[in-house]
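Worksheet: the structure to be examined is printed underneath.
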Amino acid sequence: MDSNQYTKQQTKDSKTNFYYSFLFLPKEKRDAIFTVYSFCRHTDDIVDEIDDPAEARQQLDEWRQELDACYEDRPSHPIMDALLKISRRFSLPKQYFHDLIDGCEMDLTHKRYETFADLSQYCYRVASVVGLICIEIFGYRDPMTKDYAVNLGMALQLTNIIRDVGEDVRIGRIYLPAEDLARFRYSEQDVINEIYSPAFVELMRFQEERARSYFAKAMEHYDRRDRHLLFPAEVMRKIYFRLLDNIAAADYNVYQTRIRVPNKVKLGIALRLWLGSRWRRLLP
């Protein structure tokens, strides 16, 4: 298969929220987003699927070299071949992709985070940067849309962290800041032992409120004139907001089960927002 088919199939097979969010984009933009997702997935897989940290770092360095070669018109990997085309078409800054690689590399060196400020850098690199890439593909008029992308990325990543506390600790990672654990008297060992307790519920409610604050900050910078362009990002926002609601409704019992938004609900959200964006675009 060619590079576009490769990245599309990889995204579809992943069953990611990305797929539902960008399903109704025009083909050129949809293919571009699939390429961005494939780049993210490949980078993340280097970190998560290679047991030897030294080998993973070496492969990340080689991936950085591939990225530089791509921007010098010398791609040698199917993902980079597709990335070359979309980077030209949408003027995507190379630095964003380097930042994303740096963020994924943090999972090799940071198994714990002392403060939320430390965690924020990680969230920016692995999530906000993806949002900044995506809005260049969607298109926008107001420069404040970059703040929308950054804050929405933070909100999405913090929601992921809340959902995945149990899964992450099983692979040796705790993203909940140590300062928050201390504040709610819930120890690192409690996380490791997956202790579901009143202290854990209060800790997670605090995390939820923080995530919701970033959703709110994002909307402060949302340009409604561009809603027909930014509807895929709004699909992501609605899906993840629903996910946060579901986590809260389950009283934050994320150790026992992986809380999800059903696929039919995701599809319904995407369809409603797409139809709404088309309708508003036709209004005088």
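Computed from the coordinates by the stated procedures, all read-outs in this text should not be read as laboratory data. Keep in mind that what you see is a predicted model, and the values were worked out from it rather than measured. All Cβ positions, glycine included, derive from the backbone under ideal geometry; neighbour counts span all protein chains shown.
If you average 1/r across every pair of different Cα atoms in the range 92-162 and take the reciprocal, what Kirkwood value do you get, in Å?
12.6
Calculated from DSSP H runs of 4 or more alone, at -39500 (n - 2.57) each and per residue, what is the 222 nm mean residue ellipticity of the chain, nearest 500? Intermediate values should be presented prior to the final figure.
On the way: 15 runs with 208 residues, N = 284.
Estimated from H runs of four or more residues: -23500 deg cm²/dmol.
Charges only on Cβ, +1 for Lys and Arg, -1 for Asp and Glu: so what's the dipole of the range 175-215 about the Cα centre, in debye to the nearest 20?
That gives the range 175-215 a dipole magnitude of about 160 debye.
Within the range 104-145, list the residues whose amide N lies under 18 Å from a label point set 7 Å along Cα→Cβ of Glu28.
Hits in the range 104-145 for Glu28 at 18 Å: 134-141.
Given a cut-off of under 8 Å on Cα pairs at least six residues apart, what relative contact order in percent is computed for the chain?
Computed value for the chain: 19 percent relative contact order.
Could you pull out every whole DSSP H run in the chain that spans at least 24 Å of Cα extent along its own axis and averages -1.0 or higher on the Kyte-Doolittle scale?
27-49, 145-163, 198-220, 227-249, 263-282
Taking the Cα centre of the chain as origin, work out the dipole magnitude from +1 charges on Lys and Arg Cβ and -1 charges on Asp and Glu Cβ, in debye rounded to 20. Present the calculation step by step, with values, prior to reporting the outcome.
On the way: 42 positive and 44 negative charges, 406 e Å.
The calculated dipole for the chain is roughly 1960 debye.
Stokes-Einstein diffusion coefficient for the range 28-113 at 37 °C in a medium of 0.692 mPa s, Rh from the Kirkwood formula over Cα pairs: what value in µm²/s?
Translational D for this selection: 247 µm²/s.
Given Cβ point charges of +1 (Lys, Arg) and -1 (Asp, Glu) and nothing else, what value in debye, to the nearest 20, does the dipole of the range 87-228 about its Cα centre take?
Value, rounded to 20: 600 debye.
Hey, what does the equivalent ellipsoid look like for the range 217-260, semi-axes from the Cα gyration tensor as sqrt of 5 times each eigenvalue, largest first, whole Å?
Semi-axes, largest first: 29, 10, 6 Å.
For the chain, state what percent of all Cα-Cα pairs lands in each successive 10 Å bin, counting from 0 Å until the bin that includes the largest distance.
Result returned by the calculation: 6, 27, 35, 24, 7, 1.
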